[in-house]
Structures are given as C-alpha cells and as structure tokens.
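K.L.:
My questions will all concern the structure given below.
The values are calculated or read from the model by the stated rules, or taken from the named source; none is laboratory data. Keep in mind that this is a model prediction, so the values were computed, not measured. Reconstructed Cβ throughout: ideal geometry from the backbone, glycine too, with neighbour counts over all protein chains shown.
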Amino acid sequence: MKKQKEKPVTLEIDRLQKIVAEQEEVIEKLRVDNLFLETLFDGIDEEIMVLDADYRVLNVNRSFLERHGIDKDEAIGKKCYEVTYHAEKPCDQENRLCPLKKAAETGKRVEVTHRRDDGKSGAKEMIRIMYPLVMGGGEIKYFIEISRDVTEYRRLIRKLQASEKKFRTILDTATDAILSIDENQKIVLFNNAAQRIFGYTRKEILGKDLNVLVPPQYGDHRRFVKHFLEKKIPRAMGKTLSLTALRKNGEEFPIELGLSYLKMDQGITFTAIIRDVSEQKRLEENLLRSERLAAVGQAVAHVAHEIKNPLMIIGGFSHQIRNNLDDQKAVQKLDMIYDEISRLEKLVANLGDFTKEYRLVKRATDINSVIRDVLKIMAEIYQPEKYSFIEELSSNLVEIPCDPDKLKQVFMNIIANGIEAMEGGGSITISTASLPGGVEIRIADSGIGIEKDKLLHIFEPFYTTREKGSGLGLAISYKIVEAHKGDIWAQSNPGEGATFVIRLPNE
Ligand SMILES: Nc1ncnc2c1ncn2[C@@H]1O[C@H](COP(=O)(O)OP(=O)(O)OP(=O)(O)O)[C@@H](O)[C@H]1O
Ligand SMILES: [Mg+2]
C-alpha cells in the first residue's frame, strides 16, 4: 500500500527533474548560440548596426565603434545618420542614398555605395547592405546594416583597369603582330597588327589552334611547346628567329619572331612578337638584283664597245678585198664572212639596249585598256581551246602617267612566259587594283612554277631555262618598269604556277 502511494510522487519528481534538465539543456544551447552570435557580431571585420524603422540605433558591433572612435553608449539611442555622418537628417542626397527607406518599402536587401570623409583618414568608399528583418505576420520593425570599407579594393580595381587600358593601347597601336597561346596551343590574344598581317579577325582566330598560322613544312609545332613544358628550358626564348608564317589567303611569308612566356596561376602563356619582313626582304632582293643587273650591264657595254671597232674594221676590209677578187670561191667565202659580221653588229646593237636608259613617252593612261589590248592580241596568237585568259580588272583605277607601248611589251613578255610554262594548256589571270600611290597589276599562270633558287635569277639578262630562249624577256621588262619608277617581282611555289606583280606609281 505504502509503496503504491509513494510511486506517483517519485514519478512526478522524476518527470519534473527531467523537464528541468531538458530546459537547462535548451538554456545552455541558447547561451552557446548567443555566445556564438556575440562573438560573430563583435569579431567580424565589417561594421554592423541594428536599427529600428525610425533610424534609431539599437546596437552596434565592436568594429563599428573602433572605426568611429566612440563608445557604445554614444551610439545607442541616436539616429544612424547622426552617428555615422554627424548629420541632422537622414541620407537622401543624390550621391548618398538611404538604404533603410528602400529596404522598408521593398522588404528586400538593399545595397548602396557611400563615400565617407571623416577628415582624418581621407575619403573612404563604403558598401552598405541593409537587411530588413521580417517578423511573424510580415511586419518589418528592425534592420541590420552591414558596411564594408572597399576603398582599397576599388582603388586596386581602378588601377588594374587603367593598366589594362594602357596595355591594350600599346598592344593595338603596335606595328608588329602580338599573339599569345595557352598551354594547349589555343590562341588567346591577337592584336590589331596581327589581324592585318595574318588576315584573320580576332573573332575568327581566338580559341583556334596555332596550327592555322604555321606552314605545313614545320610539321607538328606542338613539339616545341611540349619540349618546353617537359624540360622547362626555354630554347627559343629571348632570341629573334627568322621563320615563315602563313596568311589566311594561303600565302607564306617571311617573319622575324621573338618569344616570351609568362607563368601564372592559370598556367603558362606564350607570347610572340612577329614582324612581317616580306616587304623588307623583297626590297633587299630588288636592290641586290639592281646591283647585279647594273654590273652585268656594265660588262655587256664594255664588251660591246670593244667588239664594235674591230668588227667595223673587219667588215670594211673584207668589203674592199671582195671588190678586188676574181676567185669566185674566195668571193663566196667573203660574202659569208660579211653576213656573219652583220649579224654580230645587230647583236651588239641589241646589247646596247641594256646599257642605255629607257626613254619613255609618257601620257595619262588607263592601264585596264592597255591590258585589254594586249589580251586581244594574245587571244589571236594562242589557241583558245588550250589557253584561257581571265580578266579581273578593277573598276576604280585612276589613270597613271606611263608609256603604254613599253608596258604592252612588259605584259606580253610575262604572258608569253606564262604560256610557255603551261605546255598542256591552262589559264592566265590578269587582275588590277588601285593602291594608295598608284596601281598594281598581277599576272598569274597555272603553269609549272619557279623554284626558289631560280626566282632570284629570272630578271637577269641571258638567264633562261628554255632551249630557244634568249633570257632577255624579263630583263627588258624589269628595265621598263624600273624606268617608270615602279616595282616588279614574282611569287611562285613549284607546281602551283607563278604570279608576277607590277606596281606603278601615279606620278
Ligand atoms: N611564268 C613562268 N613560269 C615558269 N618559269 C618562268 C616563268 N616566267 C619566267 N620563267 C623562267 O625565267 C626564265 C627567264 O625568262 P625570260 O622571259 O627572261 O627569258 P626566256 O623566256 O627564257 O627567253 P626570252 O628572251 O625569249 O623571253 C625562263 O627561261 C624561265 O625559266
Ligand atoms: Mg620570255
């Protein structure tokens, strides 16, 4: 009986003790949570303010107090604008928007940037983020503002942007092509000059493999980058290399290339500065050729001069002897001697052509019509079923002062060479284009082409590879173009035909 009475009491005590223990646990947890929040609140580097809807400061953290140099009781109970800006009214000027007003209206987080100048540490840029605390029932009574000093960060960004802009300007005004690739040989940078030199737009080329700019004879260029990545020895770095590159139109051209590399977190970038030296090379070759031609011309003039007088004497005397001879056989032999002498005299006269200056009869001329005239004659001479002539004449050519008859000779020489290079037939394309200082004429054939070492000699007098050629066609053409102060050169890859380019100035 006794036991039965006692049981509910002890049970009740147990139950209460359990409740107390549970609540103590909750209180302990709350205490830990509170401590955690307080530590966070005061340990965080950002300034934090707790406000009511009337701008009144309910609490601020340690960072806030330290930055403003005040105690907590100097802040609590005051208005936020009094504490932060010593102002009498809430912020609402154009350059200092009040985030609280907007957060109260929208119920959403509002971010603004304020400039603050406390007169001591200079102007500061602050990002202020206002969080409305939405209570049960949707009411907003309190706000938490977290502010971060972004002065240094923004200054760095501005500095970075300025240096990026400076870098861009240098990059895009450089006359040399500048391009970079990443470790996977993908092109990641391509400046204006690179666009002009290679013929690709940035949009077309960025992200593409470097392959597209490298002529096939170099094989797999990946091995160079691979070698570098494996050995970490910059074999080609810091040197100037003379190489060949490939334009979009398939043309190969000589370049000078300097390489550098940059190791960053994202990987290694290789940058090349590339100079297109095709024009320079061409001028050098022209100069060399002019010198060679001048030397040959001098030698020819000398020989011609030395031969002229003895020939005259031999001719004159043989004539006299013949008139006093009765022996018919001897007369015949002297006639033969006389014929050969005439032939030699003609040759000597022709050789003289190389040494004398070409005298041009210039008049304002439409080059297109000169070309049409030449093609009319050519089409008559060569069988149309075997050879075709294609005209690609520019419609906006200006007239240039030149000697059209001499130029006809040039075009005919070049076309005749093209025809001879296409034994089985083919096509000759003649195009004209207007240039800033004159006109350009291109004559392209689909013949056997000219090997590199031969290209150097084709304009020399007496250079020929044809059995019946005299090797004078191009030498004469060169002299005529030179007399016009123009430029002539040939481009060719064996097996892919040859293109002769002539540039004539409009003065
Ligand atoms: N379109 C071409 N295709 C291939 N080779 C060419 C072409 N034009 C010129 N050549 C080469 O250049 C050489 C010199 O040409 P050039 O016109 O001066 O002399 P040629 O044609 O041999 O003789 P000719 O005095 O009768 O013109 C040629 O023999 C030939 O080897
Ligand atoms: Mg010829």
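K.L.:
Within region 363-395, track down each residue that is of a type in the set (S, T, N, Q) and under 16 Å from R503 (Cα atoms).
P.N.:
T365, N368, S394
K.L.:
A further question follows. Starting from region 454-483, take each residue that is within 24 Å of P404 (Cβ to Cβ) and list its partners that are near ligand 1 (Cβ under 7 Å from one of its atoms) and acidic (D, E), counting only C-beta distances under 6 angstrom and pairs at least six apart or across chains.
P.N.:
Short answer, once both residue conditions are applied: none.
K.L.:
Something else about it: Name the pairs whose Cβ atoms lie under 9 Å apart, with the first residue in region 406-429 and farther than 15 Å from T499 by Cβ and small (G, A, S), the second near ligand 2 (Cβ under 10 Å from one of its atoms) and part of a helix (DSSP H, G or I), and 6 or more positions between them or separate chains?
P.N.:
If the second residue must be near ligand 2 (Cβ under 10 Å from one of its atoms) and part of a helix (DSSP H, G or I), the pairs left are A416/G473.
K.L.:
OK, next. Anything in region 460-489 that is small (G, A, S), in contact with a Leu (Cβ under 6 Å, 6 or more places away or on another chain) and buried (at least 19 other Cβ atoms within 10 Å of the Cβ)? List them, or say none.
P.N.:
G486
K.L.:
How many residues are surrounded by fewer than 17 Cβ atoms within 10 Å (Cβ to Cβ), in a loop (DSSP other than H, G, I, E, B) and within 15 Å of ligand 2 (Cβ to nearest atom) if we restrict to region 421-459?
P.N.:
2
K.L.:
So, in region 48-78, exactly how many residues are surrounded by 13 or more Cβ atoms within 10 Å (Cβ to Cβ) and either at positive phi or outside any strand (DSSP E or B) (or both)?
P.N.:
The total comes to 15.
K.L.:
Checking the structure you have, find out if any residue of region 25-47 is under 60 Å from the mean Cα position of the chain (by Cα) and assigned to a strand (DSSP E or B).
P.N.:
Checked against the condition, which is being under 60 Å from the mean Cα position of the chain (by Cα) and assigned to a strand (DSSP E or B), region 25-47 yields at least one hit.
K.L.:
I'm trying to understand the selection: among the residues of region 405-419, which are near ligand 1 (Cβ under 10 Å from one of its atoms) and surrounded by fewer than 16 Cβ atoms within 10 Å (Cβ to Cβ)?
P.N.:
Within region 405-419, A416 is the sole residue that qualifies.
K.L.:
Is region 329-338 home to any residue that is surrounded by 13 or more Cβ atoms within 10 Å (Cβ to Cβ), outside the structural domain of A475 (by TED's automatic domain parsing), touching a residue at least 24 places away in the same chain (Cβ under 8 Å) and at negative phi?
P.N.:
Among the residues of region 329-338, not one is surrounded by 13 or more Cβ atoms within 10 Å (Cβ to Cβ), outside the structural domain of A475 (by TED's automatic domain parsing), touching a residue at least 24 places away in the same chain (Cβ under 8 Å) and at negative phi, which makes the answer no.
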